[in-house]
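Peer 1: Could you have a look at this structure, given as structure tokens, before my questions?
The values are calculated or read from the model by the stated rules, or taken from the named source; none is laboratory data. In this text the structure is predicted, and so the values were computed from the model without any measurement. Every residue, glycine as well, gets a Cβ built from its backbone with ideal geometry; the counts of neighbours run over all protein chains shown. These area figures cover heavy atoms from the full protein model, side chains too; ligands, DNA and RNA do not enter into them. Shrake-Rupley method; radii C 1.70, N 1.55, O 1.52, S 1.80 Å.
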Amino acid sequence: MIIFDNHLHLRRNGRFLDAVKEFKKFGGTHFILCQLPMINLVFRDKSYKACYQETLAMADEIRSNIDIGVFVTVGPYPVDYLRLVEKFGRESAILIMKKGIDEAVKFCEEKKCIGIGEIGRPHFKVDEQTVDDSNEILFYGMQRARDVNVPVIIHSESTTPDQCMELAELGKKAGLPAHKIVKHFSPPLILKEENHGLMPSVLASKKNIIAAIKKGTRFLMETDYIDDPRRPGAVLGPKTVPKRTFELIENGLLSDKQAFEIHKKNPEITYNISLNK
Ligand SMILES: [Zn+2]
């Protein structure tokens, strides 16, 4: 059975390969390695290329050590904006992050990455200028994602139906269909009237997933594991998605067919990939 974690970070000074082995041990088969913020590299180069390359190198290392499906998404992390403004000023910050979008697009064109993200807005309260600039960068990201037919993975404030509507409309303006907008760190907003067509990536807590499957199967599952030795198991540990899925199947709360839709069909449609064991 395919078991897909849609959002997981790793770091070389974290558990790295051990975390992947744990995911696999519990039945995980495929995951998205989402680029970890690496602001010092961006400061050094005024470019995201080096941190994207580092993420791709980590994926290669995983592939050569473990029999597991790993896909990569990269993008200028929204909170970087604040750090870049501090260091280089507002205009340079916007330029560096837009260039970061172009650099991500290039890796998507080369089929080394399958999406642009996480991009969006800081997840905490920020001033209006930051929101406006972040939206400008996000809009650019959506336009470029449309050009190369990949999804964007959105990092933003807590997800609400109104916010999903706003993001879907921004996508429409950019020519990017709502199903190519993945809402990372989503609560179980599964219904069309809740997510306005966005693809929700639901944090795989027991409560969330039970609430989600009561409404349907149009969602992805994620741990948002951050592989931080200071916060072990945060946000959720690497075994969570397979563990949760098999637990629900055993308890009769999830059928094989539903699991197939969540773990195979939805990621395949969203990212234009094919998942096979
Ligand atoms: Zn993340």
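Peer 1: Out of all Cα-Cα pairs in the stretch 1-76, roughly what percent, to the nearest whole number, are more than 16 Å apart? Write out the running numbers ahead of the final one.
Peer 2: Numbers: 1355 of 2850 pairs.
Value for the stretch 1-76: 48 percent of Cα pairs lie more than 16 Å apart.
Peer 1: Which three semi-axes in whole Å describe the equivalent ellipsoid of the stretch 146-273, each the square root of 5 times a Cα gyration tensor eigenvalue, listed largest first?
Peer 2: Working: eigenvalues 116, 61, 39 Å².
Values for the stretch 146-273, descending: 24, 17, 14 Å.
Peer 1: Can you find, among CYS34, TYR81, PHE23, the residue farthest towards the positive end of the dipole of the stretch 1-92? Put +1 on the C-beta of Lys and Arg, -1 on that of Asp and Glu.
Peer 2: Positive-end residue among those listed: TYR81.
Peer 1: Could you give the size of the charge dipole of the stretch 1-110 about its Cα centre, using +1 on the Cβ of each K and R and -1 on the Cβ of each D and E, expressed in debye and rounded to the nearest 20?
Peer 2: Values: 16 positive and 15 negative charges, 61 e Å.
It works out to roughly 300 debye.
Peer 1: Find the centroid of the Cα atoms in the stretch 1-59 and in the stretch 167-190, then give the distance between the two in whole Å.
Peer 2: 23 Å
Peer 1: Something else: Hey, can you rank 181-189, 64-72 by average C-beta count inside 10 Å, highest first?
Peer 2: On the way: 181-189: 24.7, 64-72: 14.6.
Averaged packing, sorted descending, gives the order 181-189, 64-72.
Peer 1: I've got another one for you. Rounded to the nearest 20 Debye, what is the dipole magnitude of the stretch 198-277 about its Cα centre when Lys and Arg each give +1 and Asp and Glu each give -1 at the C-beta?
Peer 2: Working: 14 positive and 9 negative charges, 40 e Å.
Rounded to the nearest 20 debye, it is 200 debye.
Peer 1: Another question about this same structure. Expressed as a rounded percentage, what relative contact order does the stretch 197-252 have, with Cα pairs under 8 Å and six or more residues apart? Each step should come with its number before you reach the end.
Peer 2: On the way: 55 pairs, mean separation 17.2, N = 56.
Answer for the stretch 197-252 is 31 percent.
Peer 1: Still on this model: I'd like the Karplus ³J(HN,Hα) series for the stretch 71-83: coefficients 6.51, -1.76, 1.60, θ = phi - 60°, whole numbers in Hz, and an x wherever there's a Gly or Pro.
Peer 2: 10, 10, 10, 9, x, x, 4, x, 6, 4, 3, 4, 5
Peer 1: Tell me, what is a quarter of the convex hull surface for the C-alpha atoms of the stretch 64-107, in nm² with one decimal? Don't skip to the answer; put the middle values down first.
Peer 2: Numbers: hull surface 17.1 nm².
That works out to 4.3 nm², a quarter of the Cα hull's surface.
Peer 1: For SER64 and GLU128, compute 0.36 nm times the residue count separating them, minus their Cα-Cα distance, and round to one decimal in nm.
Peer 2: Numbers: separation 64, 0.36 × 64 = 23.04 nm, distance 4.54 nm.
My answer for the length gained is 18.5 nm.
Peer 1: Assign one of three labels to the stretch 58-196, namely rounded, prolate or oblate, based on the Cα gyration tensor with a ≥ b ≥ c the square roots of its eigenvalues; rounded applies when a/c is under 1.5, prolate when it is not and a/b is larger than b/c, and oblate otherwise.
Peer 2: Numbers: a/c = 1.58, a/b = 1.13, b/c = 1.40.
Taking the square roots of the gyration eigenvalues as a ≥ b ≥ c, the stretch 58-196 is oblate.
Peer 1: Using modelled amide H (1.01 Å from N, peptide plane; none on Pro or chain starts), what sits under 5 Å from the amide H of LEU254, excluding residues fewer than 5 places away?
Peer 2: Amide H to amide H, under 5 Å and 5 or more residues apart or across chains, LEU254 pairs with ILE249.
Peer 1: Treating only the Cβ of Lys, Arg, Asp and Glu as charged (+1, +1, -1, -1), what charge dipole size does the stretch 85-131 show about its Cα centre? Round to the nearest 20 debye.
Peer 2: Working: 9 positive and 9 negative charges, 18 e Å.
The calculation lands at about 80 debye.
Peer 1: Same structure again: Find the accessible area per residue for the stretch 125-277; the probe is 1.4 Å, ligands and nucleic acids are left out, and the unit is Å².
Peer 2: Per residue, the stretch 125-277 has 46 Å² of solvent-accessible surface.
Peer 1: Beyond 22 Å between alpha-carbons counts as too far, so tell me which of LYS192/LYS239; LYS87/LYS172; LYS46/LYS106; LYS106/LYS239; LYS24/LYS180 fall in that bin.
Peer 2: As for pairs spanning more than 22 Å Cα to Cα, those are LYS192/LYS239; LYS87/LYS172; LYS106/LYS239; LYS24/LYS180.
Peer 1: Can you pull the semi-axes for the chain, root of five times each eigenvalue of the Cα gyration tensor, sorted largest first, whole Å?
Peer 2: Numbers: eigenvalues 159, 95, 55 Å².
That gives 28, 22, 17 Å for the three semi-axes.
Peer 1: Which of the peptides 172-180, 24-32, 75-83 is most tightly packed, and how do the rest follow, judged by the mean count of other Cβ atoms within 10 Å per residue?
Peer 2: On the way: 172-180: 17.2, 24-32: 20.8, 75-83: 23.2.
Result, highest mean Cβ count within 10 Å first: 75-83, 24-32, 172-180.
Peer 1: Same structure, new question: Once both labels are modelled 7 Å past Cα along the beta-carbon direction, what's the LEU253-LYS98 spacing in nm?
Peer 2: 4.7 nm
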